[in-house]
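Presented below is the structure to which this report refers.
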Amino acid sequence: MITIPHKAKQFIVFLIKLLIVTAAFYFIYDQLAHNEQLDWEKFISLVKEKASFWGIVFLLSFSFANRYLEILKWQNLVSILKPISLGESTKQVLGALTAGIFTPNGLGEYAGKALYFDKKKTKKIIFLNLICNGVQMILTIFFGIIGLLFLGYTKEVTILSCIILVLFTLSFFTKKLKIKEYSIEKILIKTGEIPNTIHAKNNILATCRYLVFSHQYYFLFLAFGVDLPYLTMMATIATVYFLASSLPSFQFLDFAVKGSVAVFFFGKLGINEWIVVFIATLMWFLNVVLPVVIGSYFVLKFKPKWE
């Protein structure tokens, strides 16, 4: 077996880290610079007209709270393996987000977090990340269905409920079916082994996070002069997040996917298409791009266990 010298390993790791960060920034730049739906002159003009120091601080506080709650969620879940500090949790969450920005549905995030732990714990870390994201997805589905019902899409909700019921029934009868040593039954057993206090805290943090980013979306519409009933706006936002999250996409295309869905539903409320597109882009910039910029630092500072 060929042994790679330690210095060579360090150089290879450095190149990989540099490649991840460069790719992340390239994808961000490409989407912002070559998106034909964005009229930057109109956007800059409106921002100059509407923006204020405290307004920017107010909107940024939502982005901070969004990621802070995600960091607390991860710290809480990982505590069943070993306690980690808030700083360590921040490093893992933001570093993994950067690694996952150009992977389908952020799958690279799972591998990114696993790299911070011993190889023996890889499966457990992936499972905990699944729990972390799974609870957020369940909330998105729950509020999304309520949103659809509020907006009058009763027929569509009925069809959707039937599909979910069929899938649930199939999962029940195939719960013992194993795919690469995994089965629904085994996942449920492992989930049940997590203390209820951990689950309860995870659920509360996930709910708070959902309310934070959905209200950030709402306040951005207010900032752009959209004044519609609160419940109508929140129901539409919940619907957009639910349907957009159901579509496979890359993190760096997140605003394009949500933007296209948002244009359809908000268009029915009479909101100008370009306002919807800009707000979807701003949400992506505030909640993905800014954390990725910070996460890039953690990726470059990352040291494998053998170093």
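Would you say A65 is assigned to a helix (DSSP H, G or I), at pLDDT below 70, of a type in the set (G, A, S) and under 17 Å from V288 (Cβ atoms)?
Here the answer is no, as A65 does not meet what is asked.
Would you call A111 at negative phi, of a type in the set (G, A, S), at pLDDT below 85 and surrounded by fewer than 19 Cβ atoms within 10 Å (Cβ to Cβ)? Even if it seems obvious, please write down each step before you answer.
Numbers: at negative phi: yes; of a type in the set (G, A, S): yes; at pLDDT below 85: yes; surrounded by fewer than 19 Cβ atoms within 10 Å (Cβ to Cβ): yes.
Yes: the conditions hold for A111.
In this structure, does V257 turn out to be among the β-branched types (V, I, T), touching a helix residue (DSSP H, G or I) at 6+ places or on another chain (Cβ under 9 Å), buried (at least 18 other Cβ atoms within 10 Å of the Cβ) and at pLDDT below 85?
Answer is yes for this residue.
Does W54 satisfy the criteria of being modelled with pLDDT under 85 and either open to solvent by 60 Å² or more (accessible area, probe 1.4 Å) or in contact with a helix residue (DSSP H, G or I) (Cβ under 7 Å, 6 or more places away or on another chain) (or both)?
Spelling it out, W54 is indeed modelled with pLDDT under 85 and either open to solvent by 60 Å² or more (accessible area, probe 1.4 Å) or in contact with a helix residue (DSSP H, G or I) (Cβ under 7 Å, 6 or more places away or on another chain) (or both).
Six or more apart or on different chains, Cβ under 7 Å: which pairs go from a residue in the stretch 86-106 that's surrounded by fewer than 24 Cβ atoms within 10 Å (Cβ to Cβ) to one that's modelled with pLDDT under 85 and not in a helix (DSSP H, G or I)? Could you list them?
Close Cβ pairs (under 7 Å, with a partner that is modelled with pLDDT under 85 and not in a helix (DSSP H, G or I)) amount to F102/F250; T103/F250; P104/P248; P104/F250; N105/P248; N105/S249.
Could you tell me which numbered condition V78 fails, if it satisfies all but one of (1) open to solvent by 20 Å² or more (accessible area, probe 1.4 Å); (2) over 14 Å from the mean Cα position of the chain (by Cα)?
(1)
Checking the conditions here, which among A235, A206 is among the small types (G, A, S), modelled with pLDDT of 90 or more and either more than 23 Å from I275 (Cβ to Cβ) or open to solvent by 50 Å² or more (accessible area, probe 1.4 Å) (or both)?
That would be A206, the only listed residue that is among the small types (G, A, S), modelled with pLDDT of 90 or more and either more than 23 Å from I275 (Cβ to Cβ) or open to solvent by 50 Å² or more (accessible area, probe 1.4 Å) (or both).
If I ask for residues that are more than 15 Å from F298 (Cβ to Cβ) and either assigned to a strand (DSSP E or B) or in contact with a helix residue (DSSP H, G or I) (Cβ under 8 Å, 6 or more places away or on another chain) (or both), which ones from the stretch 80-104 would you list?
Within the stretch 80-104, I80, L81, F102, T103, P104 qualify.
The values are calculated or read from the model by the stated rules, or taken from the named source; none is laboratory data. Owing to the predicted nature of the structure, the values given are computational and were not obtained by experimental measurement. Because the Cβ atoms are built from the backbone with ideal geometry, glycine has one as well, and the counts that use them run over all protein chains shown. The area values use the complete protein model at the heavy-atom level, side chains included, leaving out ligands, DNA and RNA. Shrake-Rupley method; radii C 1.70, N 1.55, O 1.52, S 1.80 Å.
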